[in-house]
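Just below is one structure, and these are the notes that go with it.
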Amino acid sequence: MATGRNTRQNQVFIVKFHYRQDKERALKGRKGQRTFRGHNILLFPDVPSSVAKKRASFADVKHSFWKRNVKMVTQDDGSLQVVHEGVRYVFDCPKEAQKFYDRNFPDEAMDGD
């Protein structure tokens, strides 16, 4: 059990697996919640800095899509997936996504969004 001044705050641990298959097994694991001694455990894979930078490059256009309530998700490789009128589009470059936005939402594009 954790001891210290603030035991209710989430604790972060960085774990390095020696074998890749062990890491994959831990991340896949059982669906649902994992617990240890009554505490929930959440596992997240490491994101390379190149992917984090690619995700961040989509911030402006994602905000534009968000304001129009367009469904979107940033994928594991950093690309942006957008669903518009029932069709799924995947963009590897923020400029491509912005061109798509400008074509499909011309009134909003002229307002400076």
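The values are calculated or read from the model by the stated rules, or taken from the named source; none is laboratory data. Since we're looking at a predicted model, the values are computed, not measured. Please note: Cβ atoms are built from the backbone with ideal geometry, for glycine as well, and neighbour counts cover all protein chains shown.
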Filter the stretch 85-98 down to the residues that are in contact with a strand residue (DSSP E or B) (Cβ under 8 Å, 6 or more places away or on another chain) and more than 17 Å from Asp60 (Cα to Cα), then identify the one that is surrounded by the most Cβ atoms within 10 Å (Cβ to Cβ). Tyr89
Quick one: in the stretch 77-113, of everything that is assigned to a helix (DSSP H, G or I) and aliphatic (A, V, I, L, M), which residue is modelled with the highest pLDDT? Ala97
Find the residue count for the stretch 71-84, including only residues that are touching a strand residue (DSSP E or B) at 6+ places or on another chain (Cβ under 9 Å) and surrounded by 17 or more Cβ atoms within 10 Å (Cβ to Cβ). 4
Please work out if Asn40 is in a loop (DSSP other than H, G, I, E, B) and either among the aromatic types (Phe, Trp, Tyr) or surrounded by fewer than 11 Cβ atoms within 10 Å (Cβ to Cβ) (or both). no
Please enumerate the residues belonging to the stretch 23-37 that are loosely packed, with under 11 Cβ neighbours inside 10 Å, without any contact (Cβ under 8 Å) to a residue 12 or more places away in the chain and either in a helix (DSSP H, G or I) or of a type in the set (Lys, Arg) (or both). Lys28, Arg30, Lys31
